[in-house]
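Engineer: Encoded as structure tokens, here's the structure I'll be asking about.
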Amino acid sequence: METGKIYDVAVIGTGVFGAWTARQLRLKGQRVIVVDAYGPSNSLSSSGGETRVIRMGYGQDEMYTLWSVRALSLWKEFFLQSGEDLFLPTGVLWLAEEGNAYVTACQETLQKAQVKTEKLSRQELAKRFPQIALDGVSWGLYEPESGVVMARRAVQLVVRETLKQGVDYLQGAVQAPAGQGQVTSVVTRNGETIRAGFFVFACGAWLPKIFPALLGDRILPTRQEVFFFRPPAGDVQFRVPAFPAWNCRADQIYGLPDIENRGVKFALMRHGPAIDPDTAERTVKVESAIAIREYIGCRLPALKGAPLLESRVCQYENTSSRDFLIDRHPAFSNVWLVGGGSGHGFKHGPVLGEYVAERILAGGEIEPRFSLATKTHDKECTFS
Ligand SMILES: Cc1cc2nc3c(=O)[nH]c(=O)nc-3n(C[C@H](O)[C@H](O)[C@H](O)COP(=O)(O)OP(=O)(O)OC[C@H]3O[C@@H](n4cnc5c(N)ncnc54)[C@H](O)[C@@H]3O)c2cc1C
């Protein structure tokens, strides 16, 4: 890092939100530095998982559906430019019981947005996905063009490609600015000073630790467990294209196919207990593994008794409404807070970065759903 250099923007945090914000700012000609305490898409970060799903369905929520549509096209464009394709068009399957209002709304919104979908009857589901036992399921909604991003590698690729375009990188834990008004520099715990015109704190689950008075009870990090189970030897029924990414809201569970021979992935759609992202032990609870194995033995009978191959503990950084936080810090005119991915943010990285870059450079009203004012202090978060 060049000493004494003054950047247009310093982006703190190189998870998917910070990485794409830095990239979009650089594409708009800004002099940018990115800083991360543990390194781009590290194992503690929410973006550091192996895989993340890109789905278009968001119930009747048109805004996030439209963001997903644009984000997928930006991800694909980026992979094409970089020469490394980290998107797998696995398809995304919603399993629904009779009258499921959310999945019905997904279908209506996706039709309106001209996203390709297929409504599958129980009989069609049984024929197309014989791996799945359909107890309690009466129909499905299939998004054939949605899929999975190799998350950790994708974010690291975004950072690498962006550094090649002249962005600087520093490994360091940035401290919150003090006082109020215009901030001219921030300091890392090791004493390095970073000077810039704007500062974007895209620090995921660390935001409430960095700004405890402001965000301590507005962003709630929760502990989320992820499991990979062994498919039967020689069996390809849980691989792409035979098996899609899928979810069942009634069971509060979602899964991914066996990608890169890592095993068939499962996770719960409900929030775990509160977590400290720095100090948490990253091992899953034995009782969770047992419960999930019991479930998959019923839903995917060929996996009955399958051994657990791998597991991970990650965190969501939830806001009360699950809407992202994108707003200025009320005490500092040039400090932006970007986070609140709330378990669904990964896919939106490219569009979120574009949005943040535009707000910083061109100003304009913040979408009310992203504003700090709409982030209430209640800790009950719902799934969307
Ligand atoms: C198990 C799990 C499954 C998920 N599944 C999906 C999915 O299928 N689809 C989807 O779209 N989304 C999904 N998500 C959500 C998505 O992964 C997150 O919303 C997204 O990764 C958040 O990115 P971020 O950049 O805000 O935070 P992070 O990725 O956590 O990045 C924050 C970064 O800030 C750095 N940092 C922190 N403090 C400092 C400091 N003081 N100084 C410098 N750097 C600092 C950290 O080291 C870290 O690298 C899932 C999340 C989890 C946990």
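Engineer: Multiply the residue gap between residue 76 and residue 112 by 0.36 nm, knock off their C-alpha separation, and tell me the result in nm, one decimal place. It would help to have the intermediate numbers written out before the result.
Structural biologist: Numbers: separation 36, 0.36 × 36 = 12.96 nm, distance 2.26 nm.
Length gained, residue 76 through residue 112: 10.7 nm.
Engineer: Run the paramagnetic zone check for residue 187: 7 angstrom along Cα to Cβ, then residues of segment 1-37 with backbone nitrogen under 14 Å.
Structural biologist: none
Engineer: A further question on this structure: Could you tell me how many degrees, from 0 to 90 and to the nearest 10, lie between the Cα long axis of helix 349-362 and the main elongation axis, the longest principal axis, of the Cα atoms of the chain?
Structural biologist: 30 degrees
Engineer: For a 31 Å ceiling on Cα separation, which of these pairs sit above it: 119/285; 209/285; 76/119?
Structural biologist: Values: 119/285 37 Å; 209/285 25 Å; 76/119 26 Å.
From 119/285; 209/285; 76/119, over 31 Å: 119/285.
Engineer: Please give the helix 16-27 orientation as an angle from the longest Cα principal axis of the chain, in degrees from 0 to 90, rounded to the nearest 10.
Structural biologist: It works out to around 60 degrees.
Engineer: Here is a follow-up. Which length gain, in nm to one decimal place, applies between residue 178 and residue 365 when the Cα-Cα distance is subtracted from 0.36 nm times their residue separation? Each step should come with its number before you reach the end.
Structural biologist: Working: separation 187, 0.36 × 187 = 67.32 nm, distance 2.60 nm.
The residue 178-residue 365 span can extend by a further 64.7 nm.
Engineer: Continuing with the same structure: Just subtract the alpha-carbon distance of residue 291 and residue 373 from 0.36 nm times their residue separation and send over the number in nm, one decimal. Please report the intermediate quantities before stating the final value.
Structural biologist: Working: separation 82, 0.36 × 82 = 29.52 nm, distance 3.91 nm.
That pair, residue 291 and residue 373, stretches by 25.6 nm at full extension.
Engineer: Quick one: if the Förster radius is 25 Å, what FRET efficiency do residue 62 and residue 102 give, using the C-beta to C-beta distance and rounding to 0.05?
Structural biologist: Details: r = 14 Å, r/R0 = 0.56.
Using R0 = 25 Å, I get an efficiency of 0.95.
Engineer: Which shape class, rounded, prolate or oblate, goes with segment 187-292 when its Cα gyration tensor gives a ≥ b ≥ c as root eigenvalues, a/c under 1.5 marks rounded, and past that a/b bigger than b/c marks prolate? Show your work: numbers first, answer last.
Structural biologist: On the way: a/c = 2.63, a/b = 2.07, b/c = 1.27.
The shape class here is prolate.
Engineer: On a 0 to 90 degree scale, rounded to 10, what angle separates helix 151-164 from the longest Cα axis of the chain?
Structural biologist: 30 degrees
Engineer: Residue 145 to residue 309: FRET efficiency via 1/(1 + (r/R0)^6), r the Cβ-Cβ distance, R0 35 Å, to the nearest 0.05? Kindly include the intermediate steps, with their values, before the conclusion.
Structural biologist: Values: r = 29 Å, r/R0 = 0.83.
Efficiency for this residue pair is about 0.75.
Engineer: Do any trypsin sites (Lys or Arg not before Pro) in segment 278-384 lie in a DSSP loop with no more than 16 other beta carbon atoms within 10 Å, and if so, which?
Structural biologist: In loop regions of segment 278-384 (DSSP not H, G, I, E or B), the sparsely surrounded trypsin sites (Lys or Arg not before Pro) are 282, 285, 304, 379.
Engineer: Can you compute the helix-only [θ] at 222 nm over the chain? Use -39500 (n - 2.57) per DSSP H run of at least 4 residues, normalise by all residues, nearest 500 deg cm²/dmol.
Structural biologist: Working: 9 runs with 102 residues, N = 384.
Counting only the DSSP helices, I get -8000 deg cm²/dmol.
Engineer: Over all distinct Cα pairs, what is the inverse of the mean 1/r for the chain, reported as the Kirkwood hydrodynamic radius in Å? Intermediate values should be presented prior to the final figure.
Structural biologist: Working: mean 1/r = 0.0466 Å⁻¹.
It works out to 21.4 Å.
Engineer: Let me ask something else. How far apart, in nm, are the 7 Å Cα→Cβ label points at residue 298 and residue 209?
Structural biologist: 3.8 nm
Engineer: Excluding residue 306 itself, what net charge comes from residues whose Cβ is under 14 Å from its Cβ, given Lys and Arg +1 and Asp and Glu -1? Present the calculation step by step, with values, prior to reporting the outcome.
Structural biologist: Details: positive: 230, 262, 265, 293, 299, 304; negative: 235, 258, 294, 310.
Net of charged neighbours comes to +2.
Just so you know, all these numbers are worked out from the coordinates, no wet-lab data involved. The structure displayed is predicted, hence computed values, not measured ones. Note: ideal-geometry Cβ built from the backbone for every residue, glycine included; neighbour counts use all protein chains shown.
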